[in-house]
Amino acid sequence: MKVTDLFENRPDEKELVLTSTSAGVSCPVNVVLNEEHWLDLYCGDTLAHSFVCSPCALGELCVGWLFTEGYPADSVEVSRDGHTATVQGASLFPGEPEKLCPEPKVSASTQEMLQLFHKASDKYSRSHGIHECVIKGDGWHVLRTDIGRHNAIDKAVGAAILAGHDLEGAVMFSSGRINVQTVKKAARCKIGCLMSKAVITGDALILAQELGLKVLFSVKESGYICG
């Protein structure tokens, strides 16, 4: 897919001096806040999706969203102001996830994925306002962050696709709750194993089992739950 991203990435966080009050005592405190950005994605004249996202990697975001939602496309162009993206050659009828997800082709333990995940921990600890997604394939990995958990997934997928990586059988690790949409995104990418630091919804677990997608959730240093 050809991508033309005319938007110049902006800082996705800012530091302010605000007032903290505890036990009746007020004092100045430095606070890091994440920035929000809006982006409308058009297929021709039809609005396909509206994003509220971090103001960076918008081309990757669009490519990842189109892929994980099952919309094949030929090209994407992001406007200079970053508020409009135009898709060419896209179908407005999404493809359904395959009924049988592949076995993981990558050997990646939860500990290894956590180590990759922690590379963004400094950024998270500054604001506690972003989500992260790591995808590990055969000899490669990508890590992306965003204020939205699905956006982080889409950016990671988009980055992998634009780098020419094969997603089939890869391992995906997300900081966000696994819901039905997350499972569908992973299944459309033919991900072999989906992991999360958070929990999974009941409907998402049922769908993952139907699709044959291996899921590990509540992943911590001490262990995890296998669905």
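The values are calculated or read from the model by the stated rules, or taken from the named source; none is laboratory data. Because the structure is a prediction, the values reported are computed rather than measured. Heads up, the Cβs are rebuilt from the backbone with ideal geometry, glycines too, and the neighbour counts pull from every protein chain shown.
Annotations
- Residue in the stretch 56-76 that is charged (D, E, K, R), closer than 23 Å to residue 122 by Cα and either assigned to a strand (DSSP E or B) or without any contact (Cβ under 8 Å) to a residue 24 or more places away in the chain (or both) present: no
- Residue match in the stretch 157-168 (condition: buried (at least 24 other Cβ atoms within 10 Å of the Cβ) and either among the hydroxyl-bearing types (Ser, Thr, Tyr) or outside any helix (DSSP H, G or I) (or both)): no
- Scanning the stretch 90-147 for residues that are surrounded by 11 or more Cβ atoms within 10 Å (Cβ to Cβ), in a loop (DSSP other than H, G, I, E, B), among the hydrophobic types (A, V, I, L, M, F, W, C) and at pLDDT below 85 yields 90, 100, 101, 106, 108.
- Qualifying residue in the stretch 23-45 (condition: at pLDDT below 90 and either hydroxyl-bearing (Ser, Thr, Tyr) or touching a helix residue (DSSP H, G or I) at 6+ places or on another chain (Cβ under 8 Å) (or both)): no
- Filtering the stretch 1-30 to residues that are in a strand (DSSP E or B), of a type outside the set (Ser, Thr, Tyr) and in contact (Cβ under 8 Å) with a residue 60 or more places away in the chain leaves 2, 3, 5, 13.
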